[in-house]
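The next block holds one structure in the form of structure tokens; read it before the comments.
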């Protein structure tokens, strides 16, 4: 999986010891006896771009609504800036929301839409609103657009107007609900970088809810992966991708091949495939049922009988399909036991193998990940 991940400059977000922008402690929410969120405990640091990532129905939107105050936790506590949020209505919390639909007013100009936030909250003298609007539009690079109607704007420009409106009051926290879902793929990629750039410039904590893995990897300083109402892992994009804590995380973020077997020292005994080398220091006891996860970009291919260079783990298979992706070529194989394995090569690593031929697939065991059942 390829992505242009932006790394945060050192010191951009306070360390774990600082008072977090959001602290959730044992938070849960039940609807009609069915848990939607269960026992979530995490800190969202000040001035970081934090993503809550997971499939539809995993509880991420419910979690966000408890932060905003639109839902009340059934159990646990929510703190904003070190202050308990219980009993504080949404409009009294120092936060704002950016919805997927943008919720712009078609009868108002661009400037009117951006100014609406200040007029409703009455946090600025009316004489200062015009200058505040100009500053907000400059932040999202829409200088000179104030008099235009919303109908005259492109999808990306409308989103920038919504961002300007959300940030004009300088909230401590901005929550974004699937913020790029309404844009086409190319514009989404552009706006991922744009959102991160804006977040850096304004120094506001951004919390986004998304099911798009590439979006989360590209924009986030840290990611919380959710499934079944629970947070499974919280870490940096690199750690989430390279060192997933569970099979679900490894499978949901990017693509992996999973070889199920029994741990025996530094190998995994996989039925039908034999003993496959495992990474060192995995910490799993002998006899443990586990999955060996291998990313496509770590797999190398060679003609049958040849060992791919630098590969301590090798398996024979048949090349079934070759897919050209532009930036890379993806190879779909079937191993001897019927397991589907995926390899991916880019640039000079692309080979001349043909579909239907026997091949040997290999990888460095240290580039795989051993996960308990």
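The values are calculated or read from the model by the stated rules, or taken from the named source; none is laboratory data. These figures come from a predicted structure and were not determined experimentally. Every residue, glycine as well, gets a Cβ built from its backbone with ideal geometry; the counts of neighbours run over all protein chains shown.
Just a few scattered comments:
- Count of residues meeting criterion [without any contact (Cβ under 8 Å) to a residue 60 or more places away in the chain and not in a strand (DSSP E or B)] in the range 267-284: 2
- Sole residue being exposed (fewer than 12 other Cβ atoms within 10 Å of the Cβ), within 21 Å of residue 241 (Cα to Cα) and at pLDDT below 90, chosen from 347, 280, 305: 280
Residues are listed down the side, and each one gets a yes or a no for (1) modelled with pLDDT under 95; (2) more than 17 Å from residue 50 (Cα to Cα); (3) surrounded by 22 or more Cβ atoms within 10 Å (Cβ to Cβ):
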residue: 218; (1), (2), (3): yes, no, no
residue: 222; (1), (2), (3): no, no, no
residue: 225; (1), (2), (3): no, no, yes
residue: 230; (1), (2), (3): no, no, no
residue: 233; (1), (2), (3): no, no, no
residue: 236; (1), (2), (3): no, no, no
residue: 243; (1), (2), (3): yes, yes, no
residue: 255; (1), (2), (3): yes, yes, no
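- Within the range 133-149, if we keep just the residues that are part of a helix (DSSP H, G or I) and crowded, with 19+ Cβ neighbours inside 10 Å, the residue that is modelled with the lowest pLDDT turns out to be 136.
- The sole residue among 217, 187, 174 that is in the same structural domain as residue 112 (by TED's automatic domain parsing), free of Cβ contacts under 8 Å to residues at least 40 places away in the same chain and either touching a helix residue (DSSP H, G or I) at 6+ places or on another chain (Cβ under 6 Å) or outside any helix (DSSP H, G or I) (or both) is 187.
- Filtered residue count, the range 300-349, keeping only those that are within 26 Å of residue 266 (Cβ to Cβ) and free of Cβ contacts under 8 Å to residues at least 40 places away in the same chain: 2
- Residue ID - farthest from residue 337 (Cα to Cα), chosen from residues in the range 251-266 that are touching a helix residue (DSSP H, G or I) at 6+ places or on another chain (Cβ under 9 Å) and not in a loop (DSSP other than H, G, I, E, B): 252
- Residue satisfying all of: in the range 29-52; in contact (Cβ under 8 Å) with a residue 40 or more places away in the chain and more than 22 Å from the chain's Cα centre (by Cα); surrounded by the most Cβ atoms within 10 Å (Cβ to Cβ) among these: 29
- Any chance residue 97 is within 16 Å of residue 208 (Cα to Cα) and modelled with pLDDT under 90: yes
- Selection within the range 80-104 - outside any loop (DSSP other than H, G, I, E, B) and touching a residue at least 40 places away in the same chain (Cβ under 8 Å): 80, 95, 96, 97, 98
- Filtering 87, 82, 69 for residues that are surrounded by fewer than 14 Cβ atoms within 10 Å (Cβ to Cβ) and closer than 18 Å to residue 205 by Cβ leaves a single hit, 82.
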